[in-house]
1. Taking a ≥ b ≥ c as the square roots of the eigenvalues of the Cα gyration tensor of region 56-116, is the shape rounded (a/c under 1.5), prolate (a/b larger than b/c) or oblate?
2. Just to be sure I understand: with springs between alpha-carbon atoms less than 10 Å apart, which residue in 202, 166, 179 has the highest mean-square fluctuation in the Gaussian network model of the chain?
3. Tell me which of 104, 36, 116 sits at the most positive position along the dipole axis of region 2-116, charges placed on C-beta atoms (Lys, Arg +1; Asp, Glu -1).
4. Residue 13 to residue 60: FRET efficiency via 1/(1 + (r/R0)^6), r the Cβ-Cβ distance, R0 25 Å, to the nearest 0.05?
5. Let me check the size of region 1-84 from its C-alpha atoms; what are the radius of gyration and Dmax in Å?
6. Based on the Cβ-Cβ distance of residue 151 and residue 113, what FRET efficiency does E = 1/(1 + (r/R0)^6) give at R0 = 41 Å, to the nearest 0.05?
7. Work out the FRET efficiency for residue 173 and residue 103 from their Cβ-Cβ distance, taking R0 = 30 Å, and round it to the nearest 0.05.
8. Specify, per residue and in Å³, the volume enclosed by the convex hull of the alpha carbon atoms belonging to the chain.
Amino acid sequence: TVFAGTRLDDLAAYAAKYGLSGLEFSCGIPGSVGGAVVMNAGAFGGSMEQVVCRTRYIDSKGQSRVLDGRDHRFGYRQSFFSEHRDAVITEVTLLLEPLDRRVVYEQMSDYAWNRYQKQPLAEPSAGSAFRRPEGNFAGALISEAGMKGYTRGRAGVSDLHAGFIINHGGASASEIAQIFLDVRDAVFQQTGIRLIPEVRFIGAWEEDDGIRSLIC
C-alpha cells in the first residue's frame, strides 16, 4: 500500500530494488500514483489496471471509502475516478510479483531507452496529448495530416513524436489549447477521425467554445 501522492516512477524504482515486477511499464511516466489510477496510465502493454487491487479515497461528502478489484471500472485511460471527479484518492494497494531484480531492471532500462529514442523528453510537455483511436495511433494520424512539427505562437507539435504538444518557451495555456484544437481539426478534416485529448483541461474554459468542445 502506498500514498496516492507518491511519484509513480519512484515507486517503480523502489519495486525494482526489491525484486517486485509489475510496474516496469511505468518507468518514465510522470505524475503520481493516484493520478495514474484515475487515468489508468499505461505503456508497453502494461497498465495500472493490471496491478491495482484496492484504492482508498474520500468521496464528495468527506467520507472515507474503498474500491476493490473490478469496482475500479478500468478502461482505456479511464476509471471509476475519471467519472467521479470529486473523489480524492488517498492510498493505493498494488499486487506485484516477485522476480529477479536484474530482470526487472533490464526491462525498465529497455523501456527507458525506447522512450528516449522516440519521445521529446528534453522538452516540456504534458506527455501523450491525445488518446489512441481504436485501430490506429494518434501520432501517425497527426503526421499524416501534416501537423508534425507544426507551431503556433510559443507552442507546437513535436517534430520527434507527433503525439506530443510542446511548450517552446513561455507558451500560455491558451496557446497550448489552440494547438490541441488545430491538430484535432486537421486530423478530422484529413481522416474523419476526431481525436480526444488524453490530458485534462483545468480552469475557466467555459466561455471558450473551442476548448469546451475539447473537454466535452
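Derivation of every value follows stated rules applied to the coordinates shown; laboratory data play no part. Bear in mind that the values here come from a model prediction, so they are computed numbers and not experimental data. With ideal geometry, Cβ positions are generated from the backbone for all residues, glycine too; neighbour counts draw on all protein chains shown.
1. On the way: a/c = 2.97, a/b = 2.13, b/c = 1.40.
Verdict is prolate for region 56-116.
2. Between 202, 166, 179, it is 202 that shows the largest mean-square fluctuation.
3. 36
4. Computed FRET efficiency for residue 13 and residue 60 comes out at 0.15.
5. Gyration radius and largest Cα-Cα distance of region 1-84: 12.6, 39 Å.
6. E between residue 151 and residue 113, to the nearest 0.05, is 0.90.
7. Efficiency computed from Cβ-Cβ geometry: 0.10.
8. Residue-normalised Cα hull volume stands at 132 Å³.
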